[in-house]
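The values are calculated or read from the model by the stated rules, or taken from the named source; none is laboratory data. Since this is a predicted model, take the numbers as computed values, not measurements. Quick reminder, even Gly has a Cβ in these numbers, built from the backbone with ideal geometry, and neighbours come from all protein chains shown. The area values use the complete protein model at the heavy-atom level, side chains included, leaving out ligands, DNA and RNA. Shrake-Rupley method; radii C 1.70, N 1.55, O 1.52, S 1.80 Å.
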Amino acid sequence: MATPNFAQKTLSSLNQTLRYSRYSRLSLKIIPIKESETSYKLQFQVEKIEENPSFNTFSFTYSILGSYDEEIVSDNTHILTSTDLKFDTDRHWVFEKSVEIPSQTETSVALFTALDTRQGDEYYYSTDIKSKFVYDLPDFGTYFANNVAFDQNYLNAGESLLFKSSGKPTLHSFYYPISLEVPYPPMETKPAAVPRELEVIDEGDFLENVPKSFDKLGYYFIQSDTAAAAGLVLKTTHEAFPKVKDWDEMVDMVTYISTRKEHEDLKAAQDKKKALDTYWISMTRNADTAKELIKEYFRQVEFANILFTDFKEGWKTDKGMVYIVMGPPQEVNFYLDREVWSYGGTNESSRIRFTFARVKNILSPHYYTLNRSRAYQPVWFKNISLWRSGKMAF
């Protein structure tokens, strides 16, 4: 069996650009569940994006690393074969493994890798089991009706999930009805406004192993112990998500490539559809170009929603904003305290890098904010101009 080439590689040196590519054949995820103070069940999920993929064209491995700088070698790399499959469904291949992490360990990171043996593409997904950015992991799992672990970043309101654990028979739910604002652009260095009050509704206990419906828009925080920090955030969205829902939402989403005056006029328009048609055609001065621009822009929005939704819609996150305007990054590197995206350039001095600082957050162990700088202004305005001329294509 072919395996990835990890010669002298570390997690921080791996280019994980396929994780955010619009042309990936697979999407990987690791969902960890805490079973005891030293034992963790890792659910390795492979979403089948390619139509009718063959298991034998891919090679899967996982590693447990002590840091982002630990060398990945055969001694810490484990092969996953078809005999390790727990589920093989229309949409997923699923593996499960239990690992032991000593209680005194400060940092432990799981890495899941898939090698496409046809052209040598390597897909990666990593997650911290223990680190200074993880309060604790949930001791329960969240599942679709077919018992495959829930691996999306969002749930359409009105849909149901199953929750399972080996602990007590109930879990607790908090509901946050908040709608959050779009982020400031990368060159805006003043801090974003923070809501002074955050409404939270205690919805009480609910039973495990019984389908639970999430009917309201916002986000939920699920816990097995309300006195602890561990929990699961679940973003609920409208039924069309990750696609755009209506003309009002479309107006909100074009803020990244609009002038302030244009956006104010769009929001004030009585007939949003007519105003948007005029907006797109006035930018491109060509109806056919406008149609292609609309298609391309909202495809970027859809991918941002799929990839980056947390307790905010993906298009409203810092990563989503950069992804929409700049396109998929050409290089992605993960470190313990940050994630770095690189664009363009034939050498180090000509590359543009966006650094997303990792912030410890009780709602998500993967919460990042962009390190803003006025130095981004030229490239940001250049890309917006490309969008507005209909020349931006990925």
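From the list Phe150, Phe133, Phe174, exactly one residue is more than 19 Å from the chain's Cα centre (by Cα), at pLDDT 90 or above and either among the aromatic types (Phe, Trp, Tyr) or farther than 17 Å from Phe44 by Cβ (or both). Which is it?
Phe174
Among the listed residues Leu266, Leu307, which satisfies the condition of being of a type in the set (A, V, I, L, M, F, W, C) and over 18 Å from Glu181 (Cβ atoms)?
The unique qualifying residue is Leu307.
Residue by residue through the stretch 75-105, note down the ones that are touching a strand residue (DSSP E or B) at 6+ places or on another chain (Cβ under 7 Å) and of a type in the set (Asp, Glu).
Result: Asp84, Glu96, Glu100.
Tell me, yes or no, whether the stretch 10-22 has at least one residue that is assigned to a strand (DSSP E or B), at pLDDT 95 or above and either open to solvent by 50 Å² or more (accessible area, probe 1.4 Å) or closer than 25 Å to Lys132 by Cβ (or both).
There is at least one residue in the stretch 10-22 that is assigned to a strand (DSSP E or B), at pLDDT 95 or above and either open to solvent by 50 Å² or more (accessible area, probe 1.4 Å) or closer than 25 Å to Lys132 by Cβ (or both).
Only one of (1) more than 25 Å from the chain's Cα centre (by Cα); (2) at pLDDT 95 or above is not met by Ser74, so which one is it?
Every condition holds for Ser74 apart from (2).
Answer with yes or no whether Glu51 is more than 27 Å from Lys130 (Cβ to Cβ), at pLDDT below 95 and open to solvent by 20 Å² or more (accessible area, probe 1.4 Å).
For Glu51, the condition - more than 27 Å from Lys130 (Cβ to Cβ), at pLDDT below 95 and open to solvent by 20 Å² or more (accessible area, probe 1.4 Å) - is met.
Grab the strands (runs of 3 or more DSSP E) fully contained in the stretch 54-113, keeping just those with 1 or more residues being open to solvent by less than 10 Å² (accessible area, probe 1.4 Å).
Hits in the stretch 54-113: 58-65, 77-80, 92-100.
Please go through the stretch 23-53 and give me each residue that is among the basic types (Lys, Arg) and assigned to a loop (DSSP other than H, G, I, E, B), ordered by number.
Of everything in the stretch 23-53, just one residue is among the basic types (Lys, Arg) and assigned to a loop (DSSP other than H, G, I, E, B), namely Arg25.
Quick check on my filter: what residues within the stretch 303-359 are over 14 Å from the mean Cα position of the chain (by Cα), surrounded by fewer than 21 Cβ atoms within 10 Å (Cβ to Cβ) and within 27 Å of Ile129 (Cα to Cα)?
Glu331, Asn333, Tyr335, Leu336, Asp337, Arg338, Val340, Ser342, Thr355, Ala357, Val359
Would you say Val332 is in a strand (DSSP E or B), of a type in the set (A, V, I, L, M), under 20 Å from Tyr124 (Cα atoms) and free of Cβ contacts under 8 Å to residues at least 40 places away in the same chain?
Judged against the criteria, Val332 is not a match.
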